[in-house]
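Some notes on the structure that comes next.
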Amino acid sequence: MWTFIINIVTAGHIITGSYVMGIEDRKEREKQQRKTEILEAAENIFFLKGLQNTTMNDIAARCELSKATLYLYYKSKEELALNIMIKHLNIMKDEGRTAAEKESTGYDKIRAAMQSVILFHLKNENIFRFIANFDSFLTPDSETGSLAEKCFYAVEEMRLMFIDFYRQGVKDGSCITEDDIDQKALMAQHLIISFIQYLAAKGDFIESRTGYSTENLLESCLSLILESIKKK
């Protein structure tokens, strides 16, 4: 008798606990979905108007939210901007690694990863233009310091990826031997990314004056970089 009652009570607690957990899980999914929707709306507005000309009111209006509700999810437009940067830096890094995994030599991995970065830019020119104009916010001691650190971490992961590929290239004989492999890999990475950022801001002007398209210039830049690391 008592065993039967205890079993009923215990089962009731399990059912109640599962029900509460189900509600909490659903609320968390809804919260994450809303944050994603806000981030996508902010990204569209930033690319259209620029960070400086965008207000939290603009973003709230696009999302059909009150400004007070928006602040429950994101505290500032800088926080939104950093989250956008982190998302795209990680996508670019992952696409570069995926492209490199299809190759066997270190040199070919570097080539594939850099070509992937260039392709990412050609498909998402607004991203690099946005990143280039947002560098002033990347300070770890700012109010959004933890997010800035995540941006630095994503860039650092890319640097380490290129270092790994270069070391493999030296080992398999496809890349020239260097006294400071880390420095060589860092220079190769930053040359291509910095040039992409430059073209994101000035590409149209350069093409109008020289006739060289962004794609042509990036291919030439990549050739120069690869020529400097390839073992003859």
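Using the Kirkwood radius over C-alpha pairs as Rh, can you work out the diffusion coefficient of the stretch 82-232 via Stokes-Einstein at 37 °C, viscosity 0.692 mPa s, in µm² per second?
205
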Flagged links, alpha-carbon separation over 19 Å, of K49/K93; K27/K150; K109/K184; K171/K230; K87/K202; K184/K230: K49/K93; K27/K150; K87/K202
Inter-probe distance in nm under a simple model that places probes 7 Å from Cα toward Cβ, at A68 and E207: 4.8
R0 of 22 Å, Cβ-Cβ distance H190-K87: FRET efficiency to nearest 0.05: 0.55
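The numbers here are math on the coordinates, done by the rules we state, and not lab data. All of these numbers come straight from a predicted model, not from anything done at the bench. Quick reminder, even Gly has a Cβ in these numbers, built from the backbone with ideal geometry, and neighbours come from all protein chains shown.
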